[in-house]
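The values are calculated or read from the model by the stated rules, or taken from the named source; none is laboratory data. All figures in this text were calculated on a predicted structure; none of them were measured in a lab. Methodologically, a virtual Cβ is constructed for each residue, glycine included, from the backbone with ideal geometry; neighbour enumeration extends over all protein chains shown.
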Amino acid sequence: MLQMMKMIFFMFFIGNMIFVSKYKHLMIVLLSLEYLVLSIFIFLLVFLMYYNCDMYMLMVFLVFSVCEGVLGLSVLVSMIRSHGNDYFQSFNLLN
């Protein structure tokens, strides 16, 4: 159990490091956010299985994570259509 928690914490830490360091491309930021959601999902799965709880919370979490992913992809598509790429430095909020 302790090794599993260490692995999940490592996954979460690596996802945060990628999220902080790769801030120029929106696609990489969205992928790192999905990686963070995956690590939180695995943590919840292990936690709920360890305490023999119901898994309904996982279903709600998956629904919200899918909605977050779809919203991120729609922002990416609209940004690529309006600016031509996914670079943050070419994105001007005043336009």
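For the reader, a short list of remarks on this structure follows.
- Selection status of residue 25, in contact with a strand residue (DSSP E or B) (Cβ under 8 Å, 6 or more places away or on another chain), on the phi < 0 side of the Ramachandran plot and either free of Cβ contacts under 8 Å to residues at least 24 places away in the same chain or loosely packed, with under 15 Cβ neighbours inside 10 Å (or both): yes
- Taken over the range 67-89, the criterion of being modelled with pLDDT under 85, more than 13 Å from residue 27 (Cα to Cα) and either loosely packed, with under 13 Cβ neighbours inside 10 Å or of a type in the set (Phe, Trp, Tyr) (or both) is satisfied by 82, 84, 89.
- Taken together, the residues in the range 8-17 that are surrounded by 14 or more Cβ atoms within 10 Å (Cβ to Cβ) and under 15 Å from residue 46 (Cα atoms) amount to 3.
- Flag if residue 20 is exposed (fewer than 14 other Cβ atoms within 10 Å of the Cβ), within 11 Å of the chain's Cα centre (by Cα) and either at negative phi or polar (S, T, N, Q) (or both): no
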